[in-house]
Amino acid sequence: MFALRRSAAASSAFGAAVAAAHRSQPSALVGVEHEFRVLDDGRPIDARTLIHGLGPSQRDLDPSDPYAYRLPDGSVVTCDGNEIEIAIPPVPVRPGFAAAAEARLAALRGDLEARLGGQRTLVGYSTHLSISVPDERLAHVVSAFVRHYAAAQMLLLDGAQGVGLLVRPRPGRLELGGAYATDRALRTALVFAVGATLECLARTDVGEGSALPVLAPRVEPARDRFGVYVDRTAFGGDLYVSGRETALPLRGGGLTDAQTGLARTWAAARATLAGRVGGPELDEVDAVVAGRQPLPCEYGADIRSTAGTRRRPTQTAYGLALAARQRPDFALAPVMLTWQLAVFLVAGQRRVFAAVPGSQLAGFLIALDAGELDASIASYLGQRGLPRTMSHPEQARVAGLWDRIGARRRLLPLDPPPMARGQVASLVNAAGAH
Amino acid sequence: MGVTAPVERQAADVIAADVARYGHDDTRQRKGMPPPLPMGCLGLTGSVVLVTIIGLLVGFFIFGQPITPLATAGPSPTATLPPTPAPSPTPSPPPPPPLSPRPSPSASLTPSPSAAGPQGEIGAYCVRVEHSELGEFLSYLEWFLLWLGDSPEYFELIVRGANDGDPVTLEFDPGRGTWYGRLGLRGTGTKQIVSLVAHWPDGSTTDLTGEMIEAFGGDEIEVRYPQEDSYGDCPAG
């Protein structure tokens, strides 16, 4: 019993050190995914049949996804149904983040196209934006987002070929799914999504949202997956045909127009981004919202002409985590790397595991490389007694050291099953007086 | 470390062993939204696609097509886990319950609390048999409950033949959006639902046993081995 307590104390010391290192890191994280159809000589094919032949990089670090390969920069190539998907790792919201995300995705696509060869081509299918949100606030954020921000987000993300917006509460994050978007459309949609999510997240009093138009879209359950789907016709007219002039019904009766909603919601979202992102990113959204630049649904077919200045992608915490590390008393290498959780094998005088929430990964690596965790890990390695086993997502909420891990896939929180109509209404209406 | 393999190799062995033993929880292979419309197909074709989408949605909810697998987050053999998941405080106002209610109208229940008291109904439930250790028990039942309505403090569930007949508290799990509890099993055979009671913040209680049994279609649960059966609105897979 005492050995177990000493081990637990050493693990707690480790967790506290990681948490302290994390406090200096930006709090909000974003991730972006692009999905593509793969055409082989013009015919669509199931990407699952070819991804393992592409040999992109390290496999099996995500126990929930047999198709996922983690690339050296921390990005992922995988399959989602028949489509092939590239996903940048969660990166902190800081000045330049949107351009960096866009550049990384463009580089990933280029790399993927090169691996596929000339006969196979990629056709953009969808974009998924993820913003970190604590689990206990997800329902609130989904509700507020759909009621206030959905129409504006759809106008900024989807082109004329889009179908609508998917709003999904995922473990630890809000995921927004829409049409395939690149270049300026991607950057502006991402900046808006972050601002809107942070604005929803910041509200603690239901009355605070009253300054924004409260919309009354017809919402549907997402197909096959947990979440809410807002169709392009959910507001009555076709949002992607009428664009800024679309009449949007308000929850309390009456109408507003999409341009007014766009301007007002962006003003609220923009205010939350002050000090977090750069002026050029805000200016770019300003220009689109004000009509000085077109919305995606106002583009022609070619939106690549809107490309900004591309920057070389930089390394990320998820990329840095891939490398084995040697410390004076132990060596360490990853055995699991997901948005929610990273787990490392620690090999010293015995073998143990270090578990780190994904949100604290950057701080963990910085502290580790600086030697700030050496003492707590060495202390744990020196304990003998009853083994401590990590086997449940609840144990992964804080960084810790463990003697054993259970099935890796059971360490991840679960996505609930799809919703029913009544449940969607319950979720969207949950905040009541927003 | 002498001749011990490099840590990268040891890590690869850990991963390979995990995949070999547990496989992947492949929950990704479904789309959450309709596919994008091809460029230039926004007229009649777009309308046809939209009608098709609506048809699919209607079909989904009427006929109850398979839904996303819900892997259990149950324990692997360990002495460190409590017999029930860590309790989560119930937020106020009550959070929306994000477990899928059953699609069939026949499954919806009438709320039993009096009109003046707390209101609500069982929106969905899922009971699953897990043949994994839970403390001193060899196996256990996982009990998911989607509650639509006012938020109780907790539910208390008693199943004869499970958890030695002792009551189990269903706690709200914000990660799943459902009320959740585990009941240890010492063997196979018939287990019987004895009671389900909602405990409200004001100290009052509501007996939901009848509703639970009605939703279940009976009061008996058959536990077999090695089958890990599931009952109710559990996802396919």
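The values are calculated or read from the model by the stated rules, or taken from the named source; none is laboratory data. As the structure is a computational prediction, the values presented were derived from the model and not from experiment. Cβ placement follows ideal geometry from the backbone for every residue including glycine, while neighbour counts extend to all protein chains displayed.
Could you tell me whether segment A:28-38 includes any residue that is assigned to a loop (DSSP other than H, G, I, E, B) and under 30 Å from A:Glu199 (Cα atoms)?
So in segment A:28-38, the residues assigned to a loop (DSSP other than H, G, I, E, B) come out as A:28.
From what's left, under 30 Å from A:Glu199 (Cα atoms): A:28.
Yes, because at least one residue in segment A:28-38 is assigned to a loop (DSSP other than H, G, I, E, B) and under 30 Å from A:Glu199 (Cα atoms).
Across segment B:184-197, what is the number of residues that are surrounded by 16 or more Cβ atoms within 10 Å (Cβ to Cβ) and modelled with pLDDT under 90?
Qualifying residue count for the region: 1.
Criterion first (within 12 Å of chain B (Cβ to nearest Cβ), closer than 19 Å to B:Ala11 by Cβ and among the charged types (D, E, K, R)) does A:Arg388 satisfy it? Quick ask: steps written out before the conclusion?
Values: within 12 Å of chain B (Cβ to nearest Cβ): yes; closer than 19 Å to B:Ala11 by Cβ: no; among the charged types (D, E, K, R): yes.
In short, no.
I'm trying to understand the selection: among the residues of segment A:158-168, which are crowded, with 24+ Cβ neighbours inside 10 Å, outside any loop (DSSP other than H, G, I, E, B) and facing another protein chain (nearest Cβ under 7 Å)?
The one that is crowded, with 24+ Cβ neighbours inside 10 Å, outside any loop (DSSP other than H, G, I, E, B) and facing another protein chain (nearest Cβ under 7 Å): A:Gly164.
Quick one: is A:Ala179 away from chain B (no Cβ under 12 Å) and in contact with a Leu (Cβ under 9 Å, 6 or more places away or on another chain)?
On the way: away from chain B (no Cβ under 12 Å): no; in contact with a Leu (Cβ under 9 Å, 6 or more places away or on another chain): yes.
No; evaluated as a whole, the condition is false for this residue.
Enumerate the pairs (first residue in segment B:107-135 and within 11 Å of another protein chain (Cβ to nearest Cβ) and under 30 Å from B:Arg186 (Cα atoms); second residue anywhere and assigned to a loop (DSSP other than H, G, I, E, B) and modelled with pLDDT of 75 or more) with beta-carbon separation below 7 Å, excluding pairs fewer than 6 apart on the same chain, so at least 6 apart or on different chains.
B:Glu130/B:Glu228
Among the candidates A:Ala114, A:Ala152, single out the residue that is touching a Lys or Arg at 6+ places or on another chain (Cβ under 9 Å), more than 14 Å from chain B (Cβ to nearest Cβ), assigned to a helix (DSSP H, G or I) and not β-branched (Val, Ile, Thr). Break it down into steps so the answer makes sense when it comes.
Working: A:Ala114 fails: touching a Lys or Arg at 6+ places or on another chain (Cβ under 9 Å).
Selected residue: A:Ala152, the only one of A:Ala114, A:Ala152 that is touching a Lys or Arg at 6+ places or on another chain (Cβ under 9 Å), more than 14 Å from chain B (Cβ to nearest Cβ), assigned to a helix (DSSP H, G or I) and not β-branched (Val, Ile, Thr).
Restricting to segment B:211-234, and then to whatever is closer than 19 Å to B:Glu156 by Cα and of a type in the set (Val, Ile, Thr), can you tell me which residue is surrounded by the most Cβ atoms within 10 Å (Cβ to Cβ)?
Among residues in segment B:211-234 that are closer than 19 Å to B:Glu156 by Cα and of a type in the set (Val, Ile, Thr), the one surrounded by the most Cβ atoms within 10 Å (Cβ to Cβ) is B:Ile221.
Quick check on segment A:353-371. Is at least one of its residues part of a loop (DSSP other than H, G, I, E, B), in contact (Cβ under 8 Å) with a residue 12 or more places away in the chain, in the same structural domain as A:Gly15 (by TED's automatic domain parsing) and among the charged types (D, E, K, R)? Before the answer, list the steps.
Our first condition is that a residue be part of a loop (DSSP other than H, G, I, E, B); within segment A:353-371, this holds for A:370-371.
Checking which are in contact (Cβ under 8 Å) with a residue 12 or more places away in the chain leaves us with A:371.
Still in the running and in the same structural domain as A:Gly15 (by TED's automatic domain parsing): A:371.
Restricting the remaining residues to those that are among the charged types (D, E, K, R) gives none.
No, every residue in segment A:353-371 fails to be part of a loop (DSSP other than H, G, I, E, B), in contact (Cβ under 8 Å) with a residue 12 or more places away in the chain, in the same structural domain as A:Gly15 (by TED's automatic domain parsing) and among the charged types (D, E, K, R).
Output the residues belonging to segment A:39-65 that are within 14 Å of another protein chain (Cβ to nearest Cβ), more than 23 Å from B:Glu8 (Cβ to Cβ) and part of a strand (DSSP E or B).
The answer is A:Leu39, A:Pro44.
Residues of segment A:234-254 being without any contact (Cβ under 8 Å) to a residue 12 or more places away in the chain and closer than 21 Å to A:Glu220 by Cα, which ones? It would help to see each step written out before you state the result.
Here is the first cut: in segment A:234-254, the ones without any contact (Cβ under 8 Å) to a residue 12 or more places away in the chain are A:237-238, A:253-254.
Within segment A:234-254, A:Gly237, A:Asp238, A:Gly253 meet the criteria.
Report the residue count in segment A:374-396 for those that are modelled with pLDDT of 85 or more and surrounded by fewer than 17 Cβ atoms within 10 Å (Cβ to Cβ).
The total comes to 3.
Are there strands (runs of 3 or more DSSP E) fully within segment A:173-272 with at least 3 residues that are under 26 Å from A:Ala99 (Cβ atoms)? List them. Break it down into steps so the answer makes sense when it comes.
Numbers: elements: A:173-179, A:219-221, A:228-231, A:247-249, A:255-257.
Qualifying strands (runs of 3 or more DSSP E): A:173-179.
Residues of segment A:67-88 being surrounded by fewer than 21 Cβ atoms within 10 Å (Cβ to Cβ) and within 11 Å of chain B (Cβ to nearest Cβ), which ones?
A:Gly81, A:Asn82
Checking B:Arg128 against (1) crowded, with 16+ Cβ neighbours inside 10 Å; (2) more than 24 Å from A:Arg137 (Cα to Cα); (3) more than 15 Å from the chain's Cα centre (by Cα), which test does it fail?
(3)
Got a sec? Which of A:Arg43, A:Arg104 is of a type in the set (Lys, Arg), assigned by TED's automatic domain parsing to the domain that holds A:Leu129 and surrounded by fewer than 23 Cβ atoms within 10 Å (Cβ to Cβ)? Quick ask: steps written out before the conclusion?
Values: A:Arg104 fails: surrounded by fewer than 23 Cβ atoms within 10 Å (Cβ to Cβ).
It is A:Arg43.
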